[in-house]
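Asker: The structure that follows is given in the form of structure tokens.
The values are calculated or read from the model by the stated rules, or taken from the named source; none is laboratory data. Just so it is clear, the structure is predicted and the values come from calculations on it, not from any experiment. Don't worry about glycine lacking a Cβ; one is built from the backbone with ideal geometry, like all the others, and counts go over all protein chains shown. Ligands, DNA and RNA are stripped out before the accessible areas are found, and what is left, the full protein with its side chains, is counted by its heavy atoms. Shrake-Rupley method; radii C 1.70, N 1.55, O 1.52, S 1.80 Å.
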Amino acid sequence: MTFYEAVHGANLKLFKADMHIHTCLSPCGDWGMSPKKIIEKSLEKKLDIIGICDHNSAENVEAVIKAGKGTGLRVVPGMEICSKEEVHILSLFNDTKEAILMQEYIYACLPGKNSPDMFGYQIIADENDEVAGENQRLLIGATNLKLEEIVDKIHSLNGLCIASHVDRPVFGIISQLGFIPSDLRLDGVEISWRMEPSEAMKQIPDIKRFPFIVSSDAHFPDDIGKAVTKFFMAEPTIEEIRLALTGKYDRHVEV
């Protein structure tokens, strides 16, 4: 079967997704954001896809995947990376291997050591919600990587690159740079639950040239599913999400 036949012959379905969820590994995340609790809350909110995107790390991704095994919930590996310019970027991958390769790249460029008293604990958990360790790196900090270096690396690993919460006054690409560079190869932008997409388009006209998603950026269990993106596509893969974002082969996105 050719690619053309595959994409045109597929039965498209609706997938409800929250692509930006933190775990207890993120120092600003609640300790209740354990792998099992995240899965429970996501199923309670009737989500089909979730993206696990801790700050500058993917160490809890596999535990959440294992905790969700057999539930039908698709857990997408990812992380929220902070650039040298202090811009937050979501990276999303098809499998954990790609996410860990991205993590290795980020760790090599992430200075500093965490102070739990100042920033919070960074808990590595297993699929049974047992504490497996503590990450000592300064995950809340910025890497020494330029924005375009991060975007290029994500794409080299076949990942999706989405600018985080572009409507927020801190750590968004607009608040930090004032604009989106014309040559920056973003796959999309994320609008937070704080602003209606129509209002964001009015206030930030620079984002109109990009597809967008809405996400919860959940740091607490009850925030999971607070904002949901609907993907109409054949299956919950990065390739299909990419097609939906670009509106190809009848795939599309609704918020």
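Asker: Round to a whole angstrom and tell me the spacing of the C-alpha centers of the range 224-244 and the range 72-93.
Answerer: Value for the Cα centre distance between the two parts: 15 Å.
Asker: Do any trypsin sites (Lys or Arg not before Pro) in the range 69-172 lie in a DSSP loop with no more than 16 other beta carbon atoms within 10 Å, and if so, which?
Answerer: Here the sparse-neighbourhood loop sites are 69, 84, 146.
Asker: Take the alpha carbon gyration tensor of the range 171-255, find the square roots of its eigenvalues, order them as a ≥ b ≥ c, and report rounded if a/c is under 1.5; if not, report prolate when a/b exceeds b/c, else oblate.
Answerer: Oblate is the answer for the range 171-255, as a/c is 1.5 or above yet b/c matches or exceeds a/b.
Asker: Rounded, prolate or oblate: which fits the range 1-111 when a ≥ b ≥ c are the square roots of the eigenvalues of the alpha-carbon gyration tensor, with rounded for a/c under 1.5 and prolate only if a/b beats b/c?
Answerer: Oblate, since a/c reaches 1.5 and b/c is not below a/b.
Asker: Moving on. Would you grab the residues whose amide H sits under 5 Å from the one on residue 124? Only those 5+ places off in sequence or on another chain, please, with H modelled 1.01 Å from N.
Answerer: Placed amide hydrogens put 132, 133, 134, 135 under 5 Å from residue 124.
Asker: Among 20, 252, what's the order by accessible area (1.4 angstrom probe), most exposed first? Intermediate results must be reported in sequence, preceding the final value.
Answerer: Details: 20 0, 252 70 Å².
Heavy-atom accessible area, descending, gives 252, 20.
Asker: Something else now. Send over the semi-axes of the chain's equivalent ellipsoid, whole angstrom and largest first, taken as the square roots of 5 times the C-alpha gyration tensor eigenvalues.
Answerer: In descending order the semi-axes read 26, 22, 17 Å.
Asker: Over the chain, what is the mean sequence separation of C-alpha contacts under 8 Å (at least six apart), divided by residue count, expressed as relative contact order in percent?
Answerer: 23
Asker: Okay, moving on. Over the chain, average the accessible area per residue using a 1.4 Å probe and give it in Å², no decimals. Provide the component values of the computation, followed by the final result.
Answerer: Values: 11380 Å² over 255 residues.
Heavy-atom accessible area per residue stands at 45 Å².
Asker: Could you tell me which of the pairs 46/226; 36/226; 16/208 are separated by over 20 angstrom between their Cα atoms in the structure shown? Provide the component values of the computation, followed by the final result.
Answerer: Details: 46/226 12 Å; 36/226 18 Å; 16/208 23 Å.
The pairs that break the limit, which is 20 Å between Cα atoms, are 16/208.
Asker: Using a 1.4 angstrom probe on heavy atoms only, work out the carbon and sulfur share of the accessible area of the chain in %.
Answerer: On the chain, the fraction of accessible area on carbon and sulfur atoms equals 51 percent.
Asker: Name the lysines eligible as straight-distance cross-link partners of residue 153: C-alpha to C-alpha under 22 Å, and not fewer than 8 places from it in the same chain.
Answerer: Those lysines meeting the cut-off are 84, 97.
Asker: If you take the square roots of the eigenvalues of the alpha-carbon gyration tensor of the range 159-209 and sort them as a ≥ b ≥ c, do you get rounded (a/c under 1.5), prolate (a/b over b/c) or oblate?
Answerer: Rounded, since a/c falls under 1.5.
Asker: Rounded to the nearest 500 deg cm²/dmol, what is the calculated helix-only ellipticity per residue at 222 nm for the chain, with -39500 (n - 2.57) per DSSP H run of length n ≥ 4? Don't jump to the answer; show the numbers that get you there.
Answerer: Numbers: 9 runs with 71 residues, N = 255.
The helix-only estimate for the chain comes to -7500 deg cm²/dmol at 222 nm.
Asker: Would any residue of the range 207-224 have its amide N under 16 Å from a label point 7 Å out along Cα→Cβ of residue 198? List them or say none.
Answerer: It comes to no residues whatsoever.
Asker: Additional query: So what's the net charge close to residue 217: Lys and Arg +1, Asp and Glu -1, counting the other residues with Cβ under 10 Å from its Cβ?
Answerer: It works out to a net charge of -1.
Asker: Taking a point 7 angstrom from the Cα of residue 177 along the C-beta vector, which residues in the range 201-242 have backbone N less than 12 Å away?
Answerer: Zone members listed by number: 207.
Asker: Only Lys, Arg, Asp and Glu count, each charged at its Cβ (+1, +1, -1, -1), so figure out the dipole size of the chain about its Cα centre, rounded to 20 debye. Could you put the intermediate results ahead of the total?
Answerer: On the way: 27 positive and 39 negative charges, 95 e Å.
Roughly 460 debye for the chain.
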